[in-house]
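Shown next, in structure tokens, is the structure this report addresses.
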Amino acid sequence: MTLSPLGLPTDPAAWRHFVATRADEHLARAREVIATLKDGSAREVAATLGLWNDLDLALGNAGTAVAVLAEVHPDEAVRTLAEDRQQQVSRLGTERDLDRDLYDVMAAVPAGGLDAGSRRLLEHVLRDFRRAGVDRDEATRARLREINERTTVLGQDFARNIRDDVRSITIRPEQLAGLPQDYIDRHPAGDDGLVRITTDYPDTIPFRTFATDAAARRALMGEFANRAWPANDALLAELLDLRQEQADLLGYPDWAGYDAEVKMIGNGPAIATFVDRIAELADEPGRRDMQVLLARKRRDDPQASFLDSSDSAFYSELVRREQFDVDAQQVRRYFRFPDVRAGLLEVTGRLFGVDYRAAEGAPSWHEDVASYDVVRDGEVLGRIHLDLHPREGKFKHAAQFDLVPGVAGRQLPEGVLVCNFSDGLMEHDDVVTLFHEFGHLVHHVLGGAQRYARFSGVATEWDFVEAPSQLLEEWAWDADVLRSFARDETGEPIPADLVARMRTAEEFGKGVQMRTQMFYAALAYRLHRERPADRTALLRETQQRYDLFRHLEGTHFHASFGHLVEYASAYYTYAWSLVIAKDLFSAFDAHNLFDPAVAGRYRDTILAPGGSADAADLVADFLGRPYSFEAFGAWLARPAS
Ligand SMILES: [Zn+2]
């Protein structure tokens, strides 16, 4: 049977209708399936699981397309309508998770005699129900609902306070020394002769990286680290208490234990062990690079005995520029967007053994979108949509969105890359980001031929999901790969020695950065575990223990630590995925990154199964052994030279 891609509207006026019907029809279908499951009929186990799969599929179809369109559609009315439908889908999802009668139907399914895939589905379904609290008494379920609603509001308030608390410093014009000319031009002095610099990223990031005036940097970073203080400190206290109460009601020792149960790491205390292990691996390489940074700072300030948070970006950048001779202006000449996009498709097509066939005439929400069918051995596996340039009202970051979840024999997976790159010259960082996000996209498509929607594509453990993307970044650092598409205006490919210097500069300071990452990871974990009355004291103590940069006195970073909302106690996941990505990469031959035997095995054992097996088992299957810290440790210890 040939499956067709999702039919998007060709008429610009038809999008509102499309959004409403896409969500409403599948929501209706989901309600119908729930009613059928609860109708009291005797059913074969396979029929019950099939209905459950229909339910997952209906909720997935109702939610995915509207979630993308809420972020990317150029018409605000369409975005608003899509947001409304998103809320309806999320409401039905919560209703399902706490539906006691539905739970009773699924809990009565006999697990004996099921094949492995069906047993896994049933286990996950029952686990999701139990984690929502469906098996608790009525009063407990009512309280859990209240907690959910309140934590959602607290999370939104926490994020909004960070967004809205834009602070600033005023400086004399000469304190702009070191900044690029276009930045200086955009910051003229006011009537008082002073220049205002705000804590918004476009102001702060260049300033902390380039401003040579240490006092001005410290003043700005002091304001930056105090965004949403003190308002968010109180919200955080309440949020931490509610999460603990939720864990108590569900029978877990603490929030971290509840959250970690469904991740690779498995339990709360393992987070502390992991953080300490990484901190130890990073200790020597971190202190080594820190000496280089301190020596450089002493040339400006002979008395300096340490660096603090306001020095980190400035001296890291300075050392990279002075000692590794990488000029970003020179580098970007080689990365013209059309060539990079073509190169990305060429490189990943070769690696994964697929072709990207331009979907001629396929409708989309904006003329910038390029759509391709992903084809392997003549068979269409799915469709991807690349929406890569900024425009008004569009999502501001870089991410992969599912457009359609794939189910074998029923519907093709479709995914969307949403980024904000220039359509002219790109920074190399942007090229790395593009490869990273594309890693999520191929995971979604190549893992999208599952029997059960529950396990389609990137539906794997959350602390593993970054590993395939971090792995694909390696191809964007390879000289031969880059030379295949990165050419300057005369057609000359990027010189291999320039790529070598870029890599060296990138590797400098990785131990220092990892210590800072472990500071964040430990802080997120300890806040949830200890819920201290004085959160600033915990912040200071944790920074002193893990970070190699000193705490900036009088600041309260935890109030603007936005990850505490979505990641909660699980900030460690970035480093965890990176440990695995480095281990996966160790199986590839650094001199032959396209070896079809390794790349094909990677595609088939890691990406294709999606979430249909535990990530640890997939990784062991690919590596022929359990994952280890060895490759990561070796990468961290290797000096940049
Ligand atoms: Zn990612």
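Here are some notes:
- Those residues of segment 97-108 which are more than 35 Å from the chain's Cα centre (by Cα) and surrounded by fewer than 17 Cβ atoms within 10 Å (Cβ to Cβ), in sequence order: D101, D104, A108
- The single condition from (1) in contact with a strand residue (DSSP E or B) (Cβ under 6 Å, 6 or more places away or on another chain); (2) without any contact (Cβ under 8 Å) to a residue 40 or more places away in the chain; (3) not acidic (D, E) that Q303 fails is (1).
- Candidates A279, A272, A295, filtered to the one that is surrounded by fewer than 15 Cβ atoms within 10 Å (Cβ to Cβ) and part of a helix (DSSP H, G or I): A295
- Residue match in segment 48-63 (condition: within 25 Å of F395 (Cα to Cα), modelled with pLDDT of 95 or more, touching a strand residue (DSSP E or B) at 6+ places or on another chain (Cβ under 6 Å) and part of a helix (DSSP H, G or I)): no
- Among (1) in contact with a Ser or Thr (Cβ under 7 Å, 6 or more places away or on another chain); (2) within 14 Å of the ligand (Cβ to nearest atom); (3) not aromatic (F, W, Y), the one test that H443 misses: (1)
- Residue within segment 476-494 that is within 16 Å of the ligand (Cβ to nearest atom), among the aliphatic types (A, V, I, L, M) and within 17 Å of the chain's Cα centre (by Cα) present: no
- Test: residue in segment 589-607 that is in contact (Cβ under 8 Å) with a residue 12 or more places away in the chain, small (G, A, S) and either closer than 21 Å to P413 by Cβ or not assigned by TED's automatic domain parsing to the domain that holds F352 (or both): yes
- Within segment 477-491, residues that are over 16 Å from E346 (Cα atoms) sit with their Cβ atoms under 9 Å from residues that are modelled with pLDDT of 95 or more, at 6+ positions apart or across chains, in these pairs: D488/Y334; D488/R336; D488/I494; E489/R336.
- Taking segment 505-514 as the range and being buried (at least 23 other Cβ atoms within 10 Å of the Cβ) and in a helix (DSSP H, G or I) as the test, the residues that pass are G511, V512, M514.
- Residue that is surrounded by the fewest Cβ atoms within 10 Å (Cβ to Cβ) [pool: residues in segment 159-179 that are among the acidic types (D, E) and within 26 Å of L235 (Cβ to Cβ)]: D164
- The set of residues in segment 239-260 being touching a helix residue (DSSP H, G or I) at 6+ places or on another chain (Cβ under 8 Å) and free of Cβ contacts under 8 Å to residues at least 60 places away in the same chain consists of A247, Y252, P253, G257.
- Within segment 180-208, the set of residues being buried (at least 18 other Cβ atoms within 10 Å of the Cβ) and in contact (Cβ under 8 Å) with a residue 60 or more places away in the chain comprises just one member, R208.
- Flag for D429 being within 16 Å of the ligand (Cβ to nearest atom) and either assigned to a helix (DSSP H, G or I) or buried (at least 20 other Cβ atoms within 10 Å of the Cβ) (or both): yes
- Checked against the criterion of being crowded, with 17+ Cβ neighbours inside 10 Å, in a helix (DSSP H, G or I), under 24 Å from the mean Cα position of the chain (by Cα) and modelled with pLDDT of 95 or more, segment 357-370 has no qualifying residue.
- Where F401 falls short, out of the listed (1) among the aromatic types (F, W, Y); (2) within 16 Å of the ligand (Cβ to nearest atom); (3) assigned to a loop (DSSP other than H, G, I, E, B): (3)
The values are calculated or read from the model by the stated rules, or taken from the named source; none is laboratory data. These figures come from a predicted structure and were not determined experimentally. Heads up, the Cβs are rebuilt from the backbone with ideal geometry, glycines too, and the neighbour counts pull from every protein chain shown.
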